[in-house]
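Novice: I'd like to ask you about the structure that follows.
The values are calculated or read from the model by the stated rules, or taken from the named source; none is laboratory data. The structure presented is a predicted model; accordingly, all values stated were derived computationally and were not measured. Here Cβ is always computed from backbone atoms with ideal geometry, including for glycine, and neighbour counts include all displayed protein chains.
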């Protein structure tokens, strides 16, 4: 079979001729020849330069039978050798993960053919069991489809008028929520930058979680300022409690403290605010935020349940994290008194002794519900009932 001659016509290498040459060479074995001709005056110069880079030999026509080409390429093996040691970044399909992806896979797409060598970015969360949960892919898809726009999901133009004392209570609670949601934004944002991109569903889920928290900060701030006043107070003890979340370097322990204990308790708080909201905007923003927070809690619980089946020592580490946090906060004042009083006022709805007593009782019941929820999640993670009760009792008085 005579060697093929590729006619590039007027196409130059500066305009993409290499694509046709590359395609024609792909079907040849090393040592086989391809003739190249065309009208571009610089064809031979550019062809030789391109072939040198890719490991092919070029020679001018030597016999009468070769005169129908301006140059002949002898297929080299360099292009083949370049990928000889390449490996697929994953299993048989792009959906399959490996337990410990090599560092040089780095930012390569999972499932891509990865050339050997290259940089090794410092992703220290590089083992599947450090970050994974089987629910992560489906939870991400749900999270992506459930995003809402603060401009349209909340009826900011609702007409209502609250007594000054009630409005101040709403503002104080919103101020508190903003502070806590800012911490809940920083934690997943800090962690996701450390995760190997091979576990992209977890990165995507944490990215959406950070976006959720950013949106919550937005709507809670807007509700606080809706009447044109100023934000409420921020206590030292509250910020000290949140600081302990920011300084936890371990992925599982950070997820445990933030999502399982903190945001789990916040689900109860947001339900309380939805029920006792004195106006439609407060009701809408707390209900929407609660829907998002439920996903965050679900991932945290699923991840820790997955890891607890693999690491018998996990529960002792979780317990130590709770105790360590409790000890560091035992001299702090706990929940901002302004926040507690505002919750009582919102639950009371009016300034009478009987109403305040009812409001106080509702807040006490809220704290019991938070405790019950924490205990249920701890038991789900394998803690005995009495130990779950003890650990729940040690949880920060600042709720988050």
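Novice: Out of everything in the range 55-98 that is closer than 30 Å to residue 133 by Cβ and in contact with a strand residue (DSSP E or B) (Cβ under 8 Å, 6 or more places away or on another chain), what residue ends up being surrounded by the most Cβ atoms within 10 Å (Cβ to Cβ)?
Specialist: 89
Novice: Can you go through 289, 355, 298 and tell me which one is in contact with a helix residue (DSSP H, G or I) (Cβ under 6 Å, 6 or more places away or on another chain), surrounded by fewer than 19 Cβ atoms within 10 Å (Cβ to Cβ) and assigned to a helix (DSSP H, G or I)?
Specialist: 355
Novice: Okay, next question. Checking the conditions here, which among 345, 379, 322, 339 is assigned to a helix (DSSP H, G or I), in contact (Cβ under 8 Å) with a residue 24 or more places away in the chain and farther than 28 Å from residue 232 by Cα?
Specialist: 322
Novice: Further, regarding this structure: For the range 238-250, check the following and say yes or no: at least one residue is within 21 Å of the chain's Cα centre (by Cα) and over 24 Å from residue 302 (Cα atoms).
Specialist: Checked the range 238-250: at least one residue is within 21 Å of the chain's Cα centre (by Cα) and over 24 Å from residue 302 (Cα atoms).
Novice: Oh, and also: Kindly list the number of the only condition in (1) surrounded by 11 or more Cβ atoms within 10 Å (Cβ to Cβ); (2) out of contact with any helix residue (DSSP H, G or I) (no Cβ under 6 Å at 6 or more places or on another chain); (3) part of a loop (DSSP other than H, G, I, E, B) that fails for residue 31.
Specialist: (1)
Novice: Taking the range 37-52 as the region of interest, how many residues are surrounded by 15 or more Cβ atoms within 10 Å (Cβ to Cβ), over 46 Å from the mean Cα position of the chain (by Cα) and assigned to a helix (DSSP H, G or I)?
Specialist: Adding up the residues that qualify gives 5.
Yes/no per residue for (1) closer than 30 Å to residue 164 by Cα; (2) in contact with a helix residue (DSSP H, G or I) (Cβ under 6 Å, 6 or more places away or on another chain); (3) assigned by TED's automatic domain parsing to the domain that holds residue 242:
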{"site": "285", "(1), (2), (3)": "yes, yes, yes"}
{"site": "310", "(1), (2), (3)": "no, yes, yes"}
{"site": "330", "(1), (2), (3)": "no, no, yes"}
{"site": "341", "(1), (2), (3)": "yes, no, yes"}
{"site": "360", "(1), (2), (3)": "yes, yes, yes"}
{"site": "364", "(1), (2), (3)": "yes, no, yes"}
{"site": "370", "(1), (2), (3)": "yes, yes, yes"}
{"site": "379", "(1), (2), (3)": "no, yes, yes"}
{"site": "399", "(1), (2), (3)": "yes, yes, no"}
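Novice: Ok, one more. All but one of (1) modelled with pLDDT under 95; (2) more than 19 Å from residue 189 (Cα to Cα); (3) within 24 Å of the chain's Cα centre (by Cα) hold for residue 266, so report the exception by its number.
Specialist: With respect to (1) modelled with pLDDT under 95; (2) more than 19 Å from residue 189 (Cα to Cα); (3) within 24 Å of the chain's Cα centre (by Cα), residue 266 is out only on (1).
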